[in-house]
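Have a look at the structure below before the remarks.
The values are calculated or read from the model by the stated rules, or taken from the named source; none is laboratory data. The structure displayed is predicted, hence computed values, not measured ones. Heads up, the Cβs are rebuilt from the backbone with ideal geometry, glycines too, and the neighbour counts pull from every protein chain shown. Accessible surface is based on the protein model in full, side chains and every heavy atom, while ligands, DNA and RNA are left aside. Shrake-Rupley method; radii C 1.70, N 1.55, O 1.52, S 1.80 Å.
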Amino acid sequence: MADVEYLRSLLRPFPDWPKKGIVFLDIFPLLRDPVGFETLITHFVHRLTSHTIAKSPTKKIDVVVGLDARGFLLGPIIAMRLGAAFVPVRKKGKLPGEVVHAEYEKEYGLDVFEMQADAIQPGQNVVIIDDLIATGGSAKAAGELVAKLGGKTLEYLFIIELTFLKAHEKLDAPMYSIVKIDD
């Protein structure tokens, strides 16, 4: 898969950041490259139209949910290409109106994600997107928000997956990632 290797080549590694022993992969060089960014979006849209939608009972995706904050960079473009709505999941206290919330565990304690209470209608088909999945806590919380509103998560999408953390085991739907990091 030449596009996967191309996308991987645009990620910039930062050894020992944010702490010693971690190699952080920066997605921003990929976003600064117009051909790379187009390749990324096209890769995700192809995945959704050739695989995910086929498994949907209604043969469509109604909503793309993007996680705060990098999911906001990808989600609206993918939603527009699919003819779907975009819904943000934000950190607590950032959204107006009535919200639903879900807690998730972070490295140093609990955090809370919120979604506007009228953002997803019962029965809508949803995909959830973010840049990276590590332990899966934030993605799981987003899935819980979708379920609270009666939506059905069809798939979780990520640019990068830290496979050794086995985050897919926490999720309530299949997961797809482009770049897999095994150690």
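Inside segment 131-153, residues that are part of a helix (DSSP H, G or I) and farther than 21 Å from Gly109 by Cβ make up a count of 3. Taking the conditions exactly as written (under 14 Å from the mean Cα position of the chain (by Cα), farther than 21 Å from Ala102 by Cα and open to solvent by less than 70 Å² (accessible area, probe 1.4 Å)), does Glu161 satisfy them or not? Judged against the criteria, Glu161 is a match. Checked against (1) touching a residue at least 40 places away in the same chain (Cβ under 8 Å); (2) over 17 Å from Tyr156 (Cβ atoms), Val64 passes all but a single condition, namely (2). Annotation note: of Gly136, Gly97, Gly150, the sole residue that is of a type outside the set (S, T, N, Q) and buried (at least 19 other Cβ atoms within 10 Å of the Cβ) is Gly136. Residues in segment 164-183 that are open to solvent by less than 20 Å² (accessible area, probe 1.4 Å) and either part of a strand (DSSP E or B) or among the basic types (Lys, Arg) (or both) were compared, and the one that is nearest to Gly123 (Cα to Cα) is Ser177. Looking at segment 5-24, which of the residues that are modelled with pLDDT of 95 or more and touching a Pro at 6+ places or on another chain (Cβ under 9 Å) is least open to solvent (accessible area, probe 1.4 Å)? Result: Leu11.
Scanning segment 106-118 for residues that are within 17 Å of the chain's Cα centre (by Cα) and either under 19 Å from Phe72 (Cα atoms) or surrounded by 24 or more Cβ atoms within 10 Å (Cβ to Cβ) (or both) yields a count of 4.
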